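The structure appears below as structure tokens.
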């Protein structure tokens, strides 16, 4: 009986925590090759800026900046910096993956 009460209390707490979350923002960047476009690493600095390293398989668009795709058979790596509000500050092609 103790285990059942503990399980129910834990379940209630988890549900309450999950439902109390809210989105700050959501944005989509990248190219048209959704199966190849993916972030691989994300780091945040002390100012709240995010650095994203990933791959894309066709020309990738970050706001008005387009990163070209050089090779039809391979993915291209990128590095992008976002401010704490999710706005793109810059994006660069790093290398062929």
Scan (1) exposed (fewer than 10 other Cβ atoms within 10 Å of the Cβ); (2) under 11 Å from the mean Cα position of the chain (by Cα); (3) at pLDDT below 80 for the single condition residue 17 breaks and write down its number. (2)
List the pairs whose first member sits in the stretch 36-51 and is touching a residue at least 24 places away in the same chain (Cβ under 8 Å), whose second member is surrounded by 11 or more Cβ atoms within 10 Å (Cβ to Cβ) and outside any strand (DSSP E or B), and whose Cβ atoms are under 6 Å apart, counting only residues at least 6 apart or on separate chains? 36/57; 36/75; 48/84; 49/83
Could you tell me whether any residue of the stretch 64-83 is exposed (fewer than 13 other Cβ atoms within 10 Å of the Cβ), at pLDDT 75 or above and in contact with a strand residue (DSSP E or B) (Cβ under 7 Å, 6 or more places away or on another chain)? yes
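The values are calculated or read from the model by the stated rules, or taken from the named source; none is laboratory data. Because the structure is a prediction, the values reported are computed rather than measured. Because the Cβ atoms are built from the backbone with ideal geometry, glycine has one as well, and the counts that use them run over all protein chains shown.
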